[in-house]
Amino acid sequence: MLIDLHVHSYLSRDCQLDPRAVLSRAESFGLDGVAFTETNTQDGCDELFDLARTSKLKVFVGLELATDKGQYLCFFEKPDRAPEPVQLWGSNRETPWKAEEALPKLKALGAVIIAARPYDKEFPTPALDAVKSLKLLSAVEVYNPKVRAGANELAIEAAEGLKLPGVAGSDARGSLDELGLAATWFPQAINTQAELVRALGGRDYYPVQMGELPHLQKPGVAREAELKAKKKKKRRWPR
């Protein structure tokens with residue numbers, strides 16, 4: 001069963017995607033389910049779950065928590081009963097929520113937690129190697145098509161070091177064209193939110209890269225190419 005575990009809709013700030021259109025597009029790519037992970041909120045989960053009544057795809061709800069040390073996909077068995085992050089820690093407009101406080105709290109409330117795009121330096125406060133010290137993760141997002149190849153390679157290394165499974169998700173936010181590029185494969189059927197949470201708490205699932213596949217490279221090659229590209233961009237003053 002293929003599920004895109006990382007999708008946004010108009011319930012996230014700075015996103016205009018209609019969740020109905022998301023499901024329709026995801027179905028056209030052969031996906032079996034979509035997890036809407038709105039930024040810092042699960043408000044609107046009832047609206048999303050209602051879509052499952054008229055969609056062939058399974059609909060799941062999580063949230064993408066932005067902290068001072070990275071972003072994290074969090075899934076509860078009953079998201080409608082889980083407190084909103086702003087209720088727990090107040091506004092994050094001035095300073096981001098602290099990962100060392102937020103993640104243990106969400107774990108205690110029953111969430112499974114996945115490190116999302118941990119080495120993405122486009123995010124203001126990426127987790128980077130701090131992700132390697134987290135002992136409460138269930139998985140690491142090892143393939144995100146919106147992240148540089150080198151950053152995905154580092155995420156794979158982090159997952160291997162933590163001995164955790166990897167997941168993949170499209171992280172679609174700006175366009176429907178961002179869908180259909182990544183998903184997570186579960187060998188068993190996942191029909192309910194509770195089943196998804198239990199499955200993610202285990203280890204029997206795998207990241208899947210979809211769409212046109214790039215030329216396969218040895219580990220580390222993508223990062224070396226990025227470093228060379230950066231050196232070429234540096235201005236050389238004449239002597």
Read phi for every residue in segment 28-42 and hand back ³J(HN,Hα) as whole Hz from Karplus 6.51 cos²θ - 1.76 cosθ + 1.60, θ = phi - 60°, with x for Gly and Pro. 5, 8, x, 6, 9, x, 9, 9, 7, 10, 6, 6, 6, 7, 10
If we sort 32-41, 118-127 on the protection proxy, mean other Cβ atoms within 10 Å, highest first, what's the order? 32-41, 118-127
When only Cα pairs under 8 Å and 6 or more residues apart are kept, what is the percent relative contact order across segment 86-212? 21
Distance between modelled label sites at L109 and E84, nm, 7 Å Cα→Cβ extension: 1.2
Counting only the backbone N, which residues of segment 161-194 are under 12 Å from the spot 7 Å out from the Cα of Q16 toward its beta-carbon? 174-176
Multiplying the sequence separation of T95 and T125 by 0.36 nm and subtracting their Cα-Cα distance, what value in nm do you get? 9.7 nm
Over the chain, what number does the Rg to Rh ratio reach, with both radii from the alpha-carbon atoms and Rh per Kirkwood? 0.98
What's the local net charge at Q188, with K and R +1, D and E -1, over the other residues with C-beta under 13 Å away? 0
Can you work out the PRE-style zone for L227? Point 7 Å along Cα to Cβ, and I want the residues of segment 150-182 with backbone N under 19 Å. 150-158
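All of the numbers you see were taken from the coordinates with simple rules; none came from a lab. All of these numbers come straight from a predicted model, not from anything done at the bench. Ideal geometry is used to build each Cβ from the backbone, glycine not excepted, and the neighbour counts take in all protein chains shown.
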